[in-house]
1. Consider a paramagnetic label point 7 Å from the Cα of V44 along Cα→Cβ; state which residues of the stretch 73-98 have an amide N under 20 Å from it.
2. If you build a Gaussian network model of the chain, linking Cα atoms that sit under 10 Å apart, which residue out of G75, G36, G100 swings the most?
3. Can you tell which of T99, T79, T121 shows the greatest fluctuation in a Gaussian network model of the chain with Cα springs below 10 Å?
4. Using per-residue counts of other Cβ atoms within 10 Å, averaged over each peptide, order 82-95, 131-144 from highest down.
5. What dipole magnitude, in Debye to the nearest 20, does the chain give about its Cα centre under +1 on Lys/Arg Cβ and -1 on Asp/Glu Cβ?
6. Can you tell me how the stretch 58-146 classifies by the Cα gyration tensor, rounded, prolate or oblate, using a/c under 1.5 as the rounded cut?
7. For the stretch 77-129, what does the alpha-carbon gyration tensor say about shape, rounded, prolate or oblate, given a ≥ b ≥ c as the root eigenvalues, a/c under 1.5 as rounded, and a/b over b/c as prolate?
8. Can you compute the label reach from A96? Point 7 Å from Cα along the Cβ direction, backbone N cut-off under 19 Å, restricted to the stretch 50-71.
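No value in this document is a laboratory result; all are computed from the given coordinates. Owing to the predicted nature of the structure, the values given are computational and were not obtained by experimental measurement. Neighbour counts run over all protein chains shown; Cβ positions are idealised from the backbone, glycine included.
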Amino acid sequence: MTPPPYAIGIDTEVTRLRDADRLLLELMAELDLPDGVFGCTHLVRDGGGPRVALSLAAGERAVVDAARAGLAGRGHAVTDGAWDGAGRAVAFPGVAALTGTLTVAELVGRSAIARVRVLGTAAAPEPDTVLVTREFVRPQWEDGALVLAAMPAVGGTLVPFEDPDPTPCCADH
């Protein structure tokens, strides 16, 4: 699946991905967006300091226009287009079906994810390779396709590279 043709960017003051995920999902729920809308986070490093911006994308202009009006009415700064072509997808078609343990083929068949890339190897995983989702799947747009980065885990399985509950750097200091 390619990125939807209509997108808006939402600037934020958020600096942590987990906070951005929460804000994005809250905004999407408040706006009562239809299924099929993509919600992504984007790391922004400009003169204002590093932060996480958001984008919403849909196949229909009317959906994006309604979201733009709803966000502007709530005081959010909204721009045309996504921040970049490498957004980290938090909401996307099929995300709700990506729970528990699935094969790579099931993951791709149930969602907008086009493929799985295993870190540290050039080879694509076999379709019957087992992936433990940990109920946290955050693919990224790569060359116009939604790709899930995964890493090897116990017993020949894979897990998504992004950990749902990361240990903060220097947690013991």
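1. 73-91
2. In the Gaussian network model the winner is G75.
3. Judging by the Gaussian network model, the answer is T121.
4. In descending order of packing, they fall as 82-95, 131-144.
5. That gives a dipole near 120 debye.
6. Prolate, because a/c is 1.5 or more and a/b exceeds b/c.
7. oblate
8. 57-59
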